[in-house]
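Only the coordinates and a few stated rules stand behind these numbers; no lab work does. Source: prediction; values computed, not measured. All Cβ positions, even for glycine, are placed from backbone atoms using ideal geometry, and neighbour counts span all protein chains on display.
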């Protein structure tokens with residue numbers, strides 16, 4: 001009985017330590033995100049990492065039962081990366097892209113098994129090509145896409161136009177619900193939006209497909 005009691009106590013101690021460690025990591029991520037947001041402003045898409053609910057809203061657009069190549073742009077401290085690697089199987093290829101050195105240090109420490117490119121996400125075409133990736137099924141974006149410099153936004157769109165599979169999807173998380181609908185309508189023929197309230201602040205997910213052969217000049221109203 002004493003041994004069982006000791007084992008139970010040890011298990012509870014390990015569980016408590018794991019819980020506290022997880023909370024500490026989340027607090028550290030939030031502090032780093034806020035620091036970067038204050039330093040870089042619009043270059044960082046949010047002052048806090050995406051909530052689990054927001055990430056789940058993003059990943060609901062992926063069919064993990066089928067082989068696919070998945071590229072994450074703007075991985076940050078890894079809230080999306082974490083849930084992707086929980087779901088992927090041997091039939092998937094996953095690459096994360098992040099430009100900030102401190103964020104990359106966090107990603108390498110937390111996910112040493114993930115292929116990580118430390119670079120400007122709008123210049124990812126050639127590095128992916130050298131890795132043998134010419135076609136991508138899903139692009140997960142945590143970038144502040146509408147606030148990218150014009151040259152970078154065009155470069156990203158051209159890569160998507162060449163590399164996104166015919167039924168591929170560009171999936172963008174946002175904390176500015178529907179404000180930028182016109183931006184995505186200019187880039188893609190098909191755009192849908194789903195609100196996610198369980199995020200601070202409330203956000204949502206754009207799911208886009210079929211990049212336009214030419215940039216649309218029409219100014220569709222946010223809706």
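Quick one: Cα centre-to-centre distance for the stretch 154-209 and the stretch 57-110, in angstrom? Computed from Cα coordinates, the inter-centre distance equals 17 Å. Measure off 7 Å from each Cα along the Cα-to-Cβ vector at residue 197 and residue 83, then give the distance between these two points in nanometres to one decimal. Spacing of the two 7 Å Cα→Cβ label points: 1.8 nm. Note on residue 118 and residue 135: their simple-model spin labels are 3.3 nm apart, each label 7 Å out from Cα toward Cβ.
Ranked by how many other Cβ atoms sit within 10 Å of their own Cβ, fewest first, the residues 138, 193 fall in the order 193, 138.
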